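Participant: Have a look at this one.
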Amino acid sequence: MVKHIILWTLNPELSEEEKQTVKEGIKAGLEGLVGKVPGLIDVKVNISGRLASSNADVMLDSTLESEEALKGYAQHPEHVAVANGKVRPYTVQRACLDFEI
């Protein structure tokens with residue numbers, strides 16, 4: 001199995017209200033991919049409880065069956081639609097860590 005962890009920083013020009021709406025959209029969009037993308041086992045998106053010591057706004061913690069499933073997820077049309085519609089337009093920084101478990 002593979003873990004796919006992403007940290008995003010939202011555009012600082014967004015208001016706090018806009019940031020909350022964006023975070024909720026990211027969470028709903030990505031968590032909604034379970035059962036739609038082959039090999040995607042679990043998705044958790046953390047959008048709340050952020051401490052002042054943090055330097056990211058949103059965390060994706062996902063589990064996939066294999067590295068091949070991760071490659072398929074990256075190109076899957078439903079994932080691409082969420083990434084292009086709910087994530088990329090509102091984020092300014094992304095960090096990724098993929099590893100086998």
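Participant: Can you work out which of the residues in the range 51-101 that are over 18 Å from GLU16 (Cβ atoms) and acidic (Asp, Glu) is nearest to the chain's Cα centre (by Cα)?
Facilitator: So, considering only residues that are over 18 Å from GLU16 (Cβ atoms) and acidic (Asp, Glu), the one nearest to the chain's Cα centre (by Cα) is ASP61.
Participant: Among the residues of the range 74-87, which ones are charged (D, E, K, R) and either in contact with a Gly (Cβ under 8 Å, 6 or more places away or on another chain) or exposed (fewer than 13 other Cβ atoms within 10 Å of the Cβ) (or both)?
Facilitator: Restricting attention to the range 74-87, the residues satisfying the condition of being charged (D, E, K, R) are 78, 86.
Residue satisfying the conditions is LYS86 alone.
Participant: Given the structure, is LEU33 at pLDDT 95 or above, in contact with a Leu (Cβ under 8 Å, 6 or more places away or on another chain) and outside any helix (DSSP H, G or I)?
Facilitator: Spelling it out, LEU33 is indeed at pLDDT 95 or above, in contact with a Leu (Cβ under 8 Å, 6 or more places away or on another chain) and outside any helix (DSSP H, G or I).
Participant: Which of the numbered conditions does MET1 fail, given that it passes all the others? Conditions: (1) closer than 13 Å to VAL87 by Cα; (2) over 10 Å from the mean Cα position of the chain (by Cα).
Facilitator: For MET1, the exception is condition (1).
Participant: Continuing with the same structure: Restricting the search to the range 48-73, which residues are surrounded by 18 or more Cβ atoms within 10 Å (Cβ to Cβ) and part of a loop (DSSP other than H, G, I, E, B)?
Facilitator: ASP57 - this is the single residue of the range 48-73 that is surrounded by 18 or more Cβ atoms within 10 Å (Cβ to Cβ) and part of a loop (DSSP other than H, G, I, E, B).
Participant: What pairs can you find where one residue is in the range 87-101 and under 14 Å from ASP57 (Cβ atoms), the other is modelled with pLDDT of 95 or more and among the polar types (S, T, N, Q), and their Cβ atoms are less than 6 Å apart, with a gap of 6+ or different chains?
Facilitator: Pairs that qualify, where the first residue is under 14 Å from ASP57 (Cβ atoms) and the partner is modelled with pLDDT of 95 or more and among the polar types (S, T, N, Q), are TYR90/ASN11; VAL92/THR9; VAL92/ASN11; GLN93/THR9.
Participant: So which residues in the range 1-18 are open to solvent by less than 60 Å² (accessible area, probe 1.4 Å) and either assigned to a strand (DSSP E or B) or free of Cβ contacts under 8 Å to residues at least 60 places away in the same chain (or both)?
Facilitator: The first filter runs over the range 1-18 and keeps only residues open to solvent by less than 60 Å² (accessible area, probe 1.4 Å), leaving 2-6, 8-11, 14-15.
Scanning the range 1-18 gives VAL2, LYS3, HIS4, ILE5, ILE6, TRP8, THR9, LEU10, SER15.
The values are calculated or read from the model by the stated rules, or taken from the named source; none is laboratory data. The model shown is predicted, which means the values in this text are computed figures rather than measured ones. Backbone-built Cβ (ideal geometry, glycine too); neighbour counts: all protein chains shown. The accessibility values were calculated without ligands, DNA or RNA, using every heavy atom of the protein model including side chains. Shrake-Rupley method; radii C 1.70, N 1.55, O 1.52, S 1.80 Å.
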